[in-house]
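Report on one structure; see the data block that follows.
The values are calculated or read from the model by the stated rules, or taken from the named source; none is laboratory data. In this text the structure is predicted, and so the values were computed from the model without any measurement. Cβ: placed from backbone, ideal geometry, glycine included. Neighbour counts: every protein chain shown. We work out accessible area using only protein heavy atoms, side chains counted, and drop any ligands, DNA or RNA first. Shrake-Rupley method; radii C 1.70, N 1.55, O 1.52, S 1.80 Å.
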Amino acid sequence: MLWIALHLPQISLESLAATLPAELRQMPLALVEARQIVAVNASAQAAGVKPGMKRATALGLAPQLVAAAADAQRDAQALQAVLHASLAFTPAVAALPLGERPQADDHVVRPPRGYGQSGRATFAHEVLLEVQASLRYFGGLPALLQRLRAALAPLGHALQVASAPTAQGALLLARGAAAGERHCADLIALQRALAGAPLWLLDTGRAHWDALQGMGLRTLADLRRVPRAGLARRFGAALLDEVDRALGARPDPRVWVTLPPAFETRLELFARADTAEQVLHGAGVLLARLAAWLAAQHAFVRRFTLTLQHESRQRRADTPPASAVEVLLAAPSRDIAHLALLLRERLARTQLAAPALELQLRADDIARAPPPNGELFPSAQGEREGLTRLVERLQARLGRQQVLRPQRLHDHRPEHGSALQAVDAGALPVGDKAARADAAARAVVTITRPVWLVSPPQPLADRRDQPLLDGAPLQLLSGPERIETGWWDEAGLAGRDYFIAQAADASLVWIYRLRLASLAAGAGGWYLHGRFG
């Protein structure tokens, strides 16, 4: 077996930063729990703020400090996105259950000088992947790791990565891999790598750190030199059990993560969103989570709904507590940039009823399909995909009923031969169908009818039965093309002889003359019905 461990040391701060406006993300940030600082970013550390300080002390050192309460649910939403992204590489993904994570008092560690860590630290946010069966498919461990990092990059989390033949061993390596990755191919290499690992990397080692340090036990190698029976009597069996699982001497079963049937996630904004641009910032985080969920099951979304929970104090009496923005896609997709673009167009046409404090994203209409084929040269299918995305963007900006396309009808009368209908971008021809359509279009060389019709047809004067346009005679070039139809509907009988004529400025026009039956009804003779562009 081969395990990959992902350690996310700053996920709590990163999940907070995702809710902040761009101007606040670079400022000193801190998480507060029970009026005490539990996590800080680099800017806060530079100002002297450290975990374990009282909140008032931290504000005295850095008055510009942005402090927010730690939120386990917010962290769980962020961690779930990492799990979903990992499921795209293997079905065997596990995480430390929420009930087993260290509590606030258990986070206190006092490692010896020289290890580069002090104060409070948490090792709760970790993900495990068993990838032995996936190596061949992805082309080996280096290629898999490269693609895994690329899949996790949109989530915006710092990672410490390690691999080992045991799950617990990979976790210990990842916890200590602050400066890069650490990988062990077999148990012998793992035992050597863990020999110098500090005991505070162990969950049970942190709980008994003071006693272990008093006995002169600082590393895993020091612990293994002490008789096991004495360690078990003093510290319990859990300490030895964790060491044995790390070194492969004891089984280490894990519970695999399963995907929910529908996607739903939420994000509570740090500051209220008054504009569509502020909403888009938070929605971008949710779309990245959606893309991870879709990639885990090799699916594409057809529609998704963004719900905005409005601030109650800013709402009028007739304003609903929440408003929804639904985005329909003509072709299923999981491209974050494309989904964000469609959402931007929809929000640009939406007037916010009131400032938003919380965003929720839901998607349950998905399609499973093979990934798009990378093309070295342009093809008909690639051109149709570009057309589909253009239509989707126009529909998102203008509305679906405002984007129309002409549809041919089975009627010989030119004015009834087509109708404008709403575009179904998903039904645009692709693949072989598009190639046949292109071939048919190229086969039509001679254009006998104009694209632009004059509606309604314009009556023309005539002189000795010769039609005139703008007072100048028209020269008939071809015709007549006789159309005699329409007796079955309200439009009535159309008896016409069509001609292609040349005007005085050398432009070509399409004219017709009514048949004798129509003339007998008192109608005029010649009409202009189209222009060749």
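Tabulated data
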| quantity | calculated |
| --- | --- |
| Ala271-Gln458 FRET efficiency (beta carbon distance; Förster radius 45 Å; 0.05 resolution) | 0.15 |
| Share, in percent, of DSSP beta bridges within segment 1-104 that are antiparallel, nearest 5 | 55 percent |
| Calculated log₁₀ intensity ratio I(q)/I(0) where the Debye formula runs over C-alpha points of segment 191-342, q = 0.09, 0.20, 0.21 Å⁻¹ | -0.60, -1.18, -1.28 |
| Distant alpha-carbon pairs in segment 1-85 (separation over 16 angstrom), percent | 53 percent |
| Rg/Rg_globular for segment 150-255, with Rg_globular taken as 2.2 N^0.38 Å and Rg from C-alpha atoms | 1.13 |
| Within-15-Å neighbourhood charge of Ala229 [Cβ basis; K, R +1; D, E -1] | +3 |
| Sequence of Arg206, Arg272 when ordered by accessible area, the most exposed leading, probe 1.4 angstrom | Arg272, Arg206 |
| Per-residue SASA entry for Met215, accessible area with 1.4 Å probe, Å² rounded to 10 | 80 Å² |
| √(5λ) per eigenvalue of the Cα gyration tensor, segment 1-44, largest first, Å | 25, 15, 9 |
| Where segment 1-92 is the region considered: accessible area per residue in Å², 1.4 Å probe | 41 Å² |
